[in-house]
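Undergrad: Structure in structure tokens, see below.
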């Protein structure tokens, strides 16, 4: 059985790098609405899920080191979408509901499911 490497997983490392590049040095170069508003959201699940699963593992809430399955990834997508786009704008007046963010999270979720569950790799 393949061991999940959490934040050292290649998908997490690549998408984390893309997020960081877009968020800091490229922010002033890539000025279109997609780059400013949704590009980072595409990578939210692949970047945020591995450290969250690592914490769950350390707390004993996760009892294995296998890659996350589709249900586990989807559960986090649903919880985080509700937290970021429903709860957060209700609690913080400066936050705005943007349903396109959820669409971007969904695309990232599909990428994560394909990478962690169906991408052919050696055991």
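Undergrad: Between 0 and 90 degrees, rounded to the nearest ten: what's the tilt of helix 10-23 against the longest Cα principal axis of the chain?
TA: With rounding to tens, the tilt is 10 degrees.
Undergrad: Of the listed values [x] 42, 37, 26; [y] 42, 30, 29; [z] 43, 32, 23, identify the label whose number matches Cα extents along the principal axes in Å calculated from this model.
TA: Correct label is [z].
Undergrad: While we're on this one: Can you sort 56, 85 from fewest to most other Cβ atoms within 10 Å of each residue's own Cβ?
TA: Working: 56 13, 85 18.
The order, fewest Cβ neighbours first, is 56, 85.
Undergrad: Helix 99-113 sits at what angle to the longest principal axis of the chain, using alpha carbons and giving 0 to 90 degrees rounded to 10?
TA: 20 degrees
Undergrad: Follow-up. Using only Cα atoms, tell me the angle between helix 44-58 and the longest principal axis of the chain; keep it within 0 to 90° and round to the nearest 10.
TA: 50 degrees
Undergrad: Fewest to most neighbouring Cβ within 10 Å: what's the order for 92, 19? Walk me through the numbers before you get to the answer.
TA: On the way: 92 9, 19 19.
Going from least to most buried by this count: 92, 19.
Undergrad: Something else now. Quick check on the exposure proxy: order 76, 28 from fewest to most C-beta atoms within 10 angstrom.
TA: Working: 76 20, 28 7.
The most exposed by this proxy come first: 28, 76.
Undergrad: What residues from segment 3-24 fall in the zone where the backbone N is under 19 Å from a label point 7 Å along the Cα-to-C-beta line of residue 59?
TA: Only 6-7 fall inside the zone, counting backbone N under 19 Å.
Undergrad: Sticking with this structure for a sec: Using just the helices of the chain, give the 222 nm mean residue ellipticity in deg cm²/dmol: DSSP H runs with n ≥ 4 each add -39,500 (n - 2.57), and the total is spread over all residues, rounded to 500. Don't skip to the answer; put the middle values down first.
TA: Working: 7 runs with 70 residues, N = 123.
Calculated from helices alone, the mean residue ellipticity at 222 nm is -16500 deg cm²/dmol.
None of the figures in this text is laboratory data; all of them are computed from the coordinates on show. Computed from a predicted structure; not experimentally measured. Note: ideal-geometry Cβ built from the backbone for every residue, glycine included; neighbour counts use all protein chains shown.
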